[in-house]
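The structure appears right after this line, and notes come after that.
The values are calculated or read from the model by the stated rules, or taken from the named source; none is laboratory data. In this text the structure is predicted, and so the values were computed from the model without any measurement. Heads up, the Cβs are rebuilt from the backbone with ideal geometry, glycines too, and the neighbour counts pull from every protein chain shown.
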Amino acid sequence: MKREFRVTKDGSPTFYIPELDEHFHSTHGAVQEAKHVFIQNGLNYLNNKIEINILEIGFGCGLNALLTCLEMESKNSLSVNYLGIESTPLSEDEYLKLDFSKQINADNYFSLYKGITDANWNETTHITPNFKILKIKSKIQDFDLSRHTFDLIYYDAFGPRAQQEMWEKSVFLPLYDALNTNGILVTYCAQGQFKRNLKEIGFFVEAKPGPPGKREMTIARKF
Ligand SMILES: C[S@@+](CC[C@H](N)C(=O)[O-])C[C@H]1O[C@@H](n2cnc3c(N)ncnc32)[C@H](O)[C@@H]1O
C-alpha cells in the first residue's frame, strides 16, 4: 500500500494512503489529535493504576507510543507495558521522514522516538525505566488476545469509510474480553453504528468532544 508524506495544520507530519483516500492522522493536526484523544482522554482518564497495560491497534508512526512514554515521565510511580500491533510496518526511510519535535518540544524527543521506532519487532524493549514496548507485526484479527489483559486500548485504525472491517463487532468482542474491569478503549471515531456495536457487546459508551475539526470522539469502558 503506497504511503505519501504530508504535513498537517499544526505542522506535524503524517502519511496519506491514496488507495484508501485516508490519512494516518487528522489533517487539522497529527500531534494535536493524538494528545487529545489518546493522552488526555485515554491515559489520563485511567484512575488508580500502578502498572498499566496498553494495547495500540494500528501502531503506524509510533506517535501514540512516544506521547505515552513522554507522559509517563511525570508519573514515575507508574509504569506502562505497551503492546503495539501493526499489519504493515513503516520502512526505515519512512520513519526518517517523520519529525514531530517542534510540536512535541521535549529535550529527549530524538532519543525516545529513535528508541521506539528502532525497537525490534517481537521483542520487549525498555525505552525508559517506566515504559517498555513490544511491537508485533500482525493484523489484529489474526492476533491471539486470549493470553493478554489490558487496562487501556488505543484504537487507531483507519476510519470506517476506508476500512469498514476494522469497525465490525467481531473485532471488538475479543478486545472486550481482554480488557480488565474499569479498563477503557479510546478512539477518535464517533460513528453511530460503531457505538451501537460497542453497546451491544457490553461497553459503557461515552461521547466526548473531539480534537479540533471533529465534533466527537469515543471512550468505551468495561464495568
Ligand atoms: C490511522 S493509521 C495509524 C496511526 C498510528 N497510530 C500513528 O500514530 O501513526 C492506521 C494503522 O493501522 C494499520 N492497520 C491497518 N489494518 C490493520 C489490521 N488489520 N491490524 C492492525 N493494524 C492495521 C495501518 O497499517 C496503519 O498503520
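Descriptive notes on the structure:
- Failed condition for Cys69, given (1) in contact with a Leu (Cβ under 6 Å, 6 or more places away or on another chain); (2) more than 12 Å from the ligand (Cβ to nearest atom); (3) under 21 Å from Val171 (Cβ atoms): (3)
- Residue check for Tyr95: closer than 27 Å to Lys9 by Cα, out of contact with any Phe, Trp or Tyr (no Cβ under 8 Å at 6 or more places or on another chain), in contact (Cβ under 8 Å) with a residue 60 or more places away in the chain and of a type outside the set (Asp, Glu): no
- Answer residue from the range 66-124, given it is assigned to a helix (DSSP H, G or I) and among the polar types (S, T, N, Q) and is surrounded by the most Cβ atoms within 10 Å (Cβ to Cβ) among those: Thr68
- Of the numbered criteria (1) touching a strand residue (DSSP E or B) at 6+ places or on another chain (Cβ under 9 Å); (2) touching a residue at least 24 places away in the same chain (Cβ under 8 Å), the one Pro174 fails is (1).
- Residues within the range 209-223 that are touching a Lys or Arg at 6+ places or on another chain (Cβ under 9 Å) and in a strand (DSSP E or B), tallied: 6
- Restricting the range 13-35 to residues that are hydroxyl-bearing (Ser, Thr, Tyr) and crowded, with 21+ Cβ neighbours inside 10 Å leaves a set whose member that is farthest from Thr218 (Cα to Cα) is Thr14.
- Enumeration of residues in the range 174-188 that are surrounded by fewer than 21 Cβ atoms within 10 Å (Cβ to Cβ) and not hydroxyl-bearing (Ser, Thr, Tyr): Pro174, Asp177, Ala178, Asn180, Asn182
- Residue within the range 126-138 that is within 24 Å of Asp10 (Cβ to Cβ) and either surrounded by fewer than 16 Cβ atoms within 10 Å (Cβ to Cβ) or within 11 Å of the ligand (Cβ to nearest atom) (or both) present: no
- Screening the range 36-56 for residues that are surrounded by fewer than 23 Cβ atoms within 10 Å (Cβ to Cβ) and within 16 Å of the ligand (Cβ to nearest atom) and picking the one that is nearest to Tyr113 (Cα to Cα) gives Ile39.
- The single condition from (1) in contact (Cβ under 8 Å) with a residue 40 or more places away in the chain; (2) within 16 Å of the ligand (Cβ to nearest atom) that Ser79 fails is (2).
- When Ala157, Ala162 are checked against the criterion of being near the ligand (Cβ under 10 Å from one of its atoms), in contact (Cβ under 8 Å) with a residue 24 or more places away in the chain and either in a helix (DSSP H, G or I) or under 15 Å from the mean Cα position of the chain (by Cα) (or both), Ala157 stands alone in meeting it.
For every residue, the table says whether it meets (1) under 22 Å from Asn53 (Cα atoms); (2) at pLDDT below 95; (3) of a type in the set (Lys, Arg).
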site	(1), (2), (3)
Ser138	yes, no, no
Lys169	no, no, yes
Tyr188	yes, no, no
Gln191	no, no, no
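- Residues that are within 16 Å of the ligand (Cβ to nearest atom) and more than 22 Å from Cys69 (Cβ to Cβ) are absent from the range 100-121.
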